[in-house]
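Here, each number is a calculation from the coordinates, and none is a lab measurement. Just so it is clear, the model here is predicted, and its values are computed rather than measured. Note that each Cβ is placed from the backbone with ideal geometry, even for glycine, and that neighbours are counted across all protein chains shown.
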Amino acid sequence: MREHLMRAGELISVEEAERRVLILENPALAGTSSITRTLYAGLQLVRPGEVAPAHRHTQSALRLILEGESAYSTVDGDKTPMRFGDVVVTPPWSWHDHGNDGAPAEDTIWLDALDIPTVGFYDASFMENHPDRAQKPEPDGRAALWAAGLRPLDRPQPANPVTSYPYAAALKRLEQYAARQAPHPVRGWEAEYTDPSTGGPILKTISAFLSLLPAGPSRGTYRSTDATVFVPVEGTGATTVGGEVFEWGPRDVLVLPAWVPYAHEVDDGAAVVFSYSDRAAQTALGLWREAFDTTRHGA
Ligand code: 1HN
């Protein structure tokens, strides 16, 4: 995918594209721009000096930074750096623009995760362009109030106040947790990115997780009703799902279909995996379920 994305970088300016993204369309969902029935995935490239202009929409987004350390995203005035492994969130109807002004500036690539098919299902899609190309950063804006433990009352709907979940801190805490607990037999040591205003999922329609998978084979198979986008961040391995084996390494993107048992085999060392799904929405609707099987049939 990287090669195609860099080619897009030569062929299409950010002015033409507004967002220069290659959509990862699931071939089983041809023509829908979807990676699962409810979710979208894309790979976005922002080159040095470019600005992906400010806009807002009712779709929620989160981004996993895959390459490059010099870009930023400004979300409702909160300008935040984008570094490898960080997760940056744009709740529904929040203004967001992305730029690449660091020194040294380098091509920056991230994975965009949005709930476009979900919002489309509800016929609730709205979008608006910001009068300015880039927002003025507000160093003492809403995010600073939240950081002081205070909830601002000016947002029409409560939405996640955290803009960035930096990778370094997340990985350190996950490793400390792993040192104390036994791993889940398939999903390893797993932590969910949360919205501190609710204690619940990072977005109302999308759940996101960071997992540490121990070396060796899963001890059983796992399945759940939320088709899951699985993105290795560190380490290599293979996942068996639906009788097929998919080898993976850092920055690959896999999809684990709903309710199909799967198992991993992780190579020496451990693997760190980011994943996201519509579990948040399914749980809110009372639909989500999971199953674990100690035998490996089916996977
Ligand atoms: C969007 O706003 C972004 O802000 C990326 O980076 C991908 C795909 C469809 C609709 C809006 C972004 C998008 C998008």
| query | Can you tell me the Rg and Dmax of the range 48-131, counting just the alpha carbons, in angstroms? | reply | 13.2, 43
| note | Expressed in angstrom, Rg and Dmax over the Cα atoms of the range 78-223 are 18.0, 54
| Label point 7 Å out from ARG133 along Cα-to-Cβ: which residues of the range 19-51 have amide N under 12 Å? | 49-51
| field | Percent breakdown of C-alpha pair distances by 10 Å bin, ordered from the shortest bin, for the range 105-173 | value | 12, 28, 43, 16, 0
| remark: About its Cα centre, the range 64-106 carries a charge dipole, from +1 on Lys and Arg Cβ atoms and -1 on Asp and Glu Cβ atoms, whose size in debye to the nearest 20 is 80
| field | Farthest toward positive dipole pole in the chain [+1 Lys/Arg, -1 Asp/Glu at C-beta], among TRP189, ALA238, LEU285 | value | LEU285
| Relative to the Cα centre, what is the charge dipole magnitude of the range 8-70, using +1 at the beta carbon of each Lys and Arg, -1 at the beta carbon of each Asp and Glu, and rounding to the nearest 20 debye? | 320
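Please work out how much length the chain gains when fully extended from ASP140 to GLU69, using 0.36 nm per residue of separation minus the C-alpha to C-alpha distance, in nm with one decimal. Intermediate values should be presented prior to the final figure.
On the way: separation 71, 0.36 × 71 = 25.56 nm, distance 2.38 nm.
So the chain would gain 23.2 nm between ASP140 and GLU69.
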| message | If the elastic network links every pair of Cα atoms under 10 Å, which of ALA238, ALA208, ALA169 fluctuates the most in the Gaussian network model of the chain? | response | ALA169
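Work out the FRET efficiency for GLU290 and GLU15 from their Cβ-Cβ distance, taking R0 = 41 Å, and round it to the nearest 0.05. Let's see the in-between values first.
Working: r = 45 Å, r/R0 = 1.10.
Efficiency, rounded to the nearest 0.05: 0.35.
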| request: Return P(r) of the chain (all Cα-Cα pairs; 10 Å bins starting at 0; whole %; ordered from short to long distances). | output: 6, 27, 36, 23, 7, 0
| By the gyration tensor of its Cα atoms, with a ≥ b ≥ c the square roots of the eigenvalues, what is the shape of the range 224-298: rounded for a/c under 1.5, prolate for a/b over b/c, or oblate? | oblate
| query | Any idea what angle helix 167-180 forms with the longest principal axis of the chain, computed on alpha-carbon atoms, 0 to 90 degrees, nearest 10? | reply | 30
| task | For every other residue with a beta carbon closer than 11 angstrom to the beta carbon of PRO48, add +1 if it is Lys or Arg and -1 if Asp or Glu, then tell me the sum. | result | -3
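Using a simple charge model, +1 on the beta-carbon of Lys and Arg, -1 on the beta-carbon of Asp and Glu, nothing else, what dipole does the chain show about its Cα centre, in debye to the nearest 20? Walk me through the numbers before you get to the answer.
Values: 26 positive and 39 negative charges, 166 e Å.
Approximately 800 debye in magnitude.
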| query | What does a probe at PHE121 reach in the range 227-268, counting residues whose amide N is under 16 Å from the point 7 Å along Cα→Cβ? | reply | 227-229, 257-259
| request: Could you pull out every one of the lysines with an alpha carbon less than 30 Å from that of LYS172, ignoring same-chain neighbours closer than 8 positions? | output: LYS79, LYS204
| request: Only helical DSSP H runs with n ≥ 4 go in: add -39500 (n - 2.57) per run for the chain, normalise by residue count and round the 222 nm mean residue ellipticity to 500 deg cm²/dmol. | output: -4000 deg cm²/dmol
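Could you compute how fast the range 182-278 diffuses translationally, taking Rh as the Kirkwood radius over C-alpha pairs and applying Stokes-Einstein at 10 °C with viscosity 1.306 mPa s? Give it in µm² per second.
Numbers: Rh = 13.5 Å.
Estimated via Stokes-Einstein, D reaches 117 µm²/s.
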